[in-house]
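The values are calculated or read from the model by the stated rules, or taken from the named source; none is laboratory data. Please read all numbers here as calculations on a predicted model, not as lab measurements. For neighbour counting, all protein chains shown are included, and Cβ atoms are generated from backbone atoms with ideal geometry for every residue, glycine included.
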């Protein structure tokens, strides 16, 4: 007969939740894009430099996301517009070079998962939810996170002065994240 403490230890080990796997964003094949409205027409854009760490266990829907986007890397396909977006009236990249999303609360949804956290832009922090799908690691050890985040630019003071009027530039910005995640042991996230 087994000692009672061995049985108790075995039961506790079996009941312990699985640890969330730790990943770093691998920019190879990854993208952070957005869609906004200017003069009634939607236009796409992207950010070329981003990174972060993700710790996530899909079995228990637990983990952490800490991701940043370098705002000066904006590319909307129009150099003049990109220049304006970097100015103090918009992103003010000289004072606020990055956007940051941090989430520690996760839940299951009908289409995958949701990460509830905070988005910081221009030093303004607001609650934000990333709706996402998570694909388990492939043979190379890379997982994939694909999600969307709805942002109201005026909540963060993006678009000052005359740009607070949403007649010319809409308030709603849809951000799409499609990132490959490599094991943390693979090295730091590329800036």
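Go through the stretch 121-132 and report how many residues are over 14 Å from residue 175 (Cα atoms) and surrounded by 15 or more Cβ atoms within 10 Å (Cβ to Cβ). Steps first, please.
So in the stretch 121-132, the residues over 14 Å from residue 175 (Cα atoms) come out as 122-127.
So of that shortlist, the ones also surrounded by 15 or more Cβ atoms within 10 Å (Cβ to Cβ) come out as 122.
Matching residues across the stretch 121-132 total 1.
For the stretch 62-89, which positions are under 13 Å from residue 34 (Cβ atoms), more than 14 Å from the chain's Cα centre (by Cα) and surrounded by 13 or more Cβ atoms within 10 Å (Cβ to Cβ)?
To start, the set of residues in the stretch 62-89 that are under 13 Å from residue 34 (Cβ atoms) comprises 69, 71, 73-77, 81-82, 85.
So of that shortlist, the ones also more than 14 Å from the chain's Cα centre (by Cα) come out as 73-77, 81-82, 85.
Residues satisfying the conditions are 73, 74, 75, 76, 81, 82, 85.
Got at least one residue in the stretch 106-114 being under 12 Å from the mean Cα position of the chain (by Cα), at pLDDT 95 or above and under 15 Å from residue 52 (Cβ atoms)? Even if it seems obvious, please write down each step before you answer.
Within the stretch 106-114, the first condition is being under 12 Å from the mean Cα position of the chain (by Cα), and the residues that meet it are 114.
Subset that is at pLDDT 95 or above: 114.
After this cut, where a residue has to be under 15 Å from residue 52 (Cβ atoms) as well, the list is none.
Looking for residues that are under 12 Å from the mean Cα position of the chain (by Cα), at pLDDT 95 or above and under 15 Å from residue 52 (Cβ atoms), one finds none in the stretch 106-114, hence no.
Take residue 162 and decide whether it is modelled with pLDDT under 95 and either closer than 16 Å to residue 47 by Cβ or not in a strand (DSSP E or B) (or both). Let's see the steps before the verdict.
Working: modelled with pLDDT under 95: yes; either closer than 16 Å to residue 47 by Cβ or not in a strand (DSSP E or B) (or both): yes.
Considered against the rule, which asks whether it is modelled with pLDDT under 95 and either closer than 16 Å to residue 47 by Cβ or not in a strand (DSSP E or B) (or both), residue 162 comes out as yes.
Restricting the stretch 18-61 to residues that are within 19 Å of residue 117 (Cβ to Cβ) and touching a helix residue (DSSP H, G or I) at 6+ places or on another chain (Cβ under 8 Å), which is surrounded by the most Cβ atoms within 10 Å (Cβ to Cβ)?
Per the stated criteria, the residue is 23.
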